[in-house]
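For reference, the structure discussed in these notes is given below.
Please treat every number below as a calculation from the coordinates, not as lab data. Everything quoted here is computed from the prediction, not taken from an experiment. Reconstructed Cβ throughout: ideal geometry from the backbone, glycine too, with neighbour counts over all protein chains shown.
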Amino acid sequence: MTAIREAFVGIDAAKLRNAIAIADAGRDGEVRYIGEIDASPESMRRLIGKLASKYDRLHFCYEAGPTGYGLHRLITELGHSCIVVAPSLIPRKASDRVKTNRRDSTTLARLLRAGELTAVWIPDPVHEAMRNLVRSRAAAVETIRVHKQQVSSFLLRHSRIFPRKKNWGARYRRWLQQQYFECPADQIVLQEYVEAVRIGEERLARIEAAIAEFLQGWALARRRRAAGAAWHRPDRRRQLCCRDRRHPPVRKPPSAHGLSRIGPGGTIDRRDRPARFDHQDGQSTHPPAARRKRLDLSFPTAHWRAKASEA
C-alpha cells in the first residue's frame with residue numbers, strides 16, 4: 001500500500017511577495033524554505049499546482065493580518081485545507097527575537113505540522129462586507145468627535161463659553177452661528193471646523209442608512225436584533241458580557257429587609273435597620289476583596305470567621 005505523501009506549508013503573507021516554507025510529514029520530516037514569490041493570485045495558483053503534483057495532501061496556513069482572507073478563499077477553492085492563524089497565540093521562544101520572512105514561514109510550517117496553531121474564524125464575503133461597513137461607521141464617529149473637540153478647543157482659547165451644559169444641540173449650533181471674530185482668519189477657522197462637523201455627520205448618516213439597508217438581507221440579522229434587544233435587559237447584558245466560562249456572570253445577592261450580618265459561628269443575624277447602616281457605621285458584611293468583585297458569599301471564609309471570633 002502506497003503511503004500518502006503529506007506536506008504542511010507555512011506562508012508569510014505580505015502585500016507584494018509571500019515567503020513560502022514547506023514541512024514534510026512526520027516528526028523527522030524536513031523543513032525547507034522555498035523562497036519568496038509574487039503575491040498575486042495567478043502566482044499563488046501556479047505554486048499550489050506545482051506542490052499538488054508532488055504531494056497527495058497539502059495543508060496551508062498564514063497569519064491573520066491586513067492582507068485579509070483572499071488567500072484563504074483561493075486555497076480552499078483549489079480543494080486544499082487552509083487555516084488563518086491568530087498571531088497572538090503563536091508559540092514563541094523567549095530567546096527568539098529575530099523576525100524575518102524566512103523564519104516566520106518556516107516556524108509556521110513546523111508548528112502547523114505539530115498542531116500547535118490556533119485558527120481564527122473566517123467570515124464569508126457578505127459578513128466581511130458588513131464588518132467593513134461597521135468599521136467605517138466607527139471611523140466616522142471618531143472623526144466627528146475629533147472635529148467637535150477642535151471646535152471646543154478653538155472657542156475655549158478665545159474665551160467663548162456656551163452658557164448651557166448641553167453642547168451640539170440646536171441651541172448650541174445657533175450660538176455657533178452668532179459667534180463673530182474681529183480677525184477674518186479666526187472666523188474662517190471656526191467656519192471650517194463647523195463645516196467639517198457637518199460633513200462628518202452627513203457621512204455618518206449615509207453609512208447608518210446603508211447598514212440599515214443591507215442588514216435586512218444579512219444572514220445574521222436575526223441574531224443581531226436578538227442581541228440588541230437582550231442588551232436592554234440587565235440579566236442578559238451580564239450574560240452577553242461574560243460569555244467566557246473563565247469569567248462567569250456576577251450573581252446579585254438576594255435582597256432582604258433589614259441588615260444581614262455574619263456572626264462568629266457563620267450564622268446570619270438580621271436586624272431591623274436598613275442595609276446601608278452597616279456601611280455608615282464603618283462595618284462590613286464581606287471582606288474588601290469580595291466587595292470589589294461583587295461576589296455573593298453565603299458564609300465567611302476561615303480568616304474572617306477567626307477575626308469575628310476574636311472580636
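Values as computed for the structure displayed
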quantity	calculated
Debye intensity ratio I(q)/I(0), log10, segment 88-154, q values 0.13, 0.26, 0.28 Å⁻¹ (C-alpha model)	-0.70, -1.09, -1.17
Spin-label pair D38/R97, simplified geometry with 7 Å Cα→Cβ offset, distance in nm	3.9
Residues with amide H under 5 Å from that of T118, placed H, sequence gap 5 or more	A86
Added length on full extension, which subtracts the Cα-Cα distance from 0.36 nm per residue, Q191 to R206	3.1 nm
Check: segment 116-168 dipole with +1 on Lys, Arg Cβ and -1 on Asp, Glu Cβ, in debye	820
Order of L156, L51, L58, L215 - criterion: other Cβ atoms within 10 Å of each residue's Cβ, fewest first	L156, L215, L51, L58
Alpha-carbon Debye profile of segment 6-114, log10 I(q)/I(0) at 0.10, 0.11, 0.24 Å⁻¹	-0.25, -0.30, -1.57
Cα-projected label distance for E30 with R17, points at 7 Å along beta-carbon direction, nm	2.3
Relative contact order computed over segment 1-79 (Cα-Cα under 8 Å; 6+ residues apart), in percent	34
Neighbour-count ranking [beta-carbon atoms within 10 angstrom, fewest first] of F60, F154	F154, F60
Simple Cβ-charge dipole of segment 1-68, Lys/Arg +1 and Asp/Glu -1, about Cα centre, in debye nearest 20	180
Segment 59-218: translational diffusion in µm²/s, Stokes-Einstein, Kirkwood Rh over Cα pairs, 25 °C, 0.890 mPa s	120
Potential extension, R73-E6 segment - 0.36 nm per residue separation minus Cα distance	22.0 nm
Residues V98, V151, sorted so that the one with the fewest Cβ neighbours within 10 Å comes first	V98, V151
Cα gyration tensor shape of segment 32-78, rounded if a/c is under 1.5, else prolate or oblate by comparing a/b with b/c	prolate
Mean separation of Cα contacts under 8 Å, 6 or more apart, over the residue count of segment 1-133: relative contact order %	30
